[in-house]
Amino acid sequence: MNKGRLEAFSDGVIAILITIMVLGLKIPVGSDWNALHPMILSLLTYVLSFVFLGIYWNNHHHMLQAATRINGGILWANLHLLFWLSLVPFVTGWMGENHFDPVPTAAYGIVLLFAGVAYLVLQKAIIAEHGPNSKLMTAIGNDMKGKLSATLYALAIPLAFMNRWISFGIYILVALMWLVPDPRIESVVHQHEKHKNGE
């Protein structure tokens, strides 16, 4: 199966999720800067979630660059990832509207954790289809950054009941870790292209 349809569908879903999030922001009551004050936490949560969805879109694109074919397992793994990403607007609104109360903040972490796990599952499915010497396997190696992210999310969930700001800080830290696109996959794909073209 060609990967083009998978990429187009995933791009469309992520674009819709970002649109849903921005439509969930309430219009301020008032016309001066003070009208935004009650919305500061909602805006912060929106920005963080926008960054997370952008990171997933970016890395999803790079990961599929390393794939040449798609099978049923990859399709289901991709849907599994999109399922968890589809919950991001819900937990974004819940956490922002409730001023980072413990349960919504923990729920936000749960969604991010399972989205991270789903991304790792998709990686494994692509590697399984393309073999242990595939471009993706060569690029990610043991993927310490992905495993570290999942560990940090798992820590942030119980910490939300002790200090919500520590959890929020962990979410920001993970976003910063991934903000710069991972160059490993792009580099490996480029090297393979050069080798194929006899350069």
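The values are calculated or read from the model by the stated rules, or taken from the named source; none is laboratory data. Computed from a predicted structure; not experimentally measured. Cβ sites come from the backbone with ideal geometry, for glycine too, and all protein chains shown count toward neighbours. Quick note on the areas: whole protein, heavy atoms, side chains included, nothing else; ligands and nucleic acids left out. Shrake-Rupley method; radii C 1.70, N 1.55, O 1.52, S 1.80 Å.
Condition (residue is touching a residue at least 40 places away in the same chain (Cβ under 8 Å) and closer than 30 Å to ALA128 by Cβ) applied to segment 37-50: is it met by at least one residue? Walk me through it before giving the result.
To start, the set of residues in segment 37-50 that are touching a residue at least 40 places away in the same chain (Cβ under 8 Å) comprises 41-46, 48-49.
Going one step further and asking which of them are closer than 30 Å to ALA128 by Cβ, we end up with none.
No: zero hits.
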I want to confirm something. Restricting to segment 1-36 and keeping residues that are without any contact (Cβ under 8 Å) to a residue 40 or more places away in the chain and in contact with a Ser or Thr (Cβ under 8 Å, 6 or more places away or on another chain), which single residue is farthest from TYR56 (Cα to Cα)? LYS26
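This table checks each residue for (1) among the hydrophobic types (A, V, I, L, M, F, W, C); (2) open to solvent by less than 50 Å² (accessible area, probe 1.4 Å); (3) not in a helix (DSSP H, G or I).
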residue: ALA8; (1), (2), (3): yes, no, no
residue: VAL13; (1), (2), (3): yes, yes, no
residue: ASN34; (1), (2), (3): no, no, no
residue: MET39; (1), (2), (3): yes, yes, no
residue: THR45; (1), (2), (3): no, yes, no
residue: VAL51; (1), (2), (3): yes, yes, no
residue: LEU64; (1), (2), (3): yes, yes, no
residue: ALA77; (1), (2), (3): yes, yes, no
residue: GLY93; (1), (2), (3): no, yes, no
Does ILE110 fit the bill of being at pLDDT below 90, closer than 19 Å to PHE168 by Cβ, open to solvent by 30 Å² or more (accessible area, probe 1.4 Å) and not in a loop (DSSP other than H, G, I, E, B)? no
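Please find, among THR138, THR92, THR68, THR151, the residue that is of a type in the set (Val, Ile, Thr) and under 27 Å from GLY24 (Cα atoms).
None of the others qualify; the one that does is THR92.
Can you confirm whether segment 97-106 contains a residue that is in a loop (DSSP other than H, G, I, E, B), among the polar types (S, T, N, Q) and surrounded by fewer than 19 Cβ atoms within 10 Å (Cβ to Cβ)? Working first, answer last.
Restricting attention to segment 97-106, the residues satisfying the condition of being in a loop (DSSP other than H, G, I, E, B) are 98-101.
Right, trim to among the polar types (S, T, N, Q) and you get 98.
Among the residues that remain, those that are also surrounded by fewer than 19 Cβ atoms within 10 Å (Cβ to Cβ) are: 98.
Yes, segment 97-106 contains at least one residue that is in a loop (DSSP other than H, G, I, E, B), among the polar types (S, T, N, Q) and surrounded by fewer than 19 Cβ atoms within 10 Å (Cβ to Cβ).
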Need pairs with beta-carbon distance below 6 Å; first residue under 14 Å from GLY73 (Cα atoms) and within segment 126-137, second open to solvent by 20 Å² or more (accessible area, probe 1.4 Å) and modelled with pLDDT under 80; sequence gap 6+ or separate chains. ILE127/MET137
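Select, from SER149, SER187, the only residue that is surrounded by 14 or more Cβ atoms within 10 Å (Cβ to Cβ), modelled with pLDDT under 95 and among the hydroxyl-bearing types (Ser, Thr, Tyr).
Values: SER187 fails: surrounded by 14 or more Cβ atoms within 10 Å (Cβ to Cβ).
That would be SER149, the only listed residue that is surrounded by 14 or more Cβ atoms within 10 Å (Cβ to Cβ), modelled with pLDDT under 95 and among the hydroxyl-bearing types (Ser, Thr, Tyr).
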Answer with yes or no whether ASN2 is exposed (fewer than 15 other Cβ atoms within 10 Å of the Cβ) and more than 21 Å from LEU159 (Cα to Cα). yes
With criteria (1) modelled with pLDDT of 95 or more; (2) of a type outside the set (Lys, Arg); (3) over 20 Å from ILE20 (Cα atoms), LEU87 comes up short on (3)
Pull up segment 66-75, narrow it to residues that are open to solvent by less than 40 Å² (accessible area, probe 1.4 Å) and not in a helix (DSSP H, G or I), then point me to the one that is nearest to TRP178 (Cα to Cα). ALA66
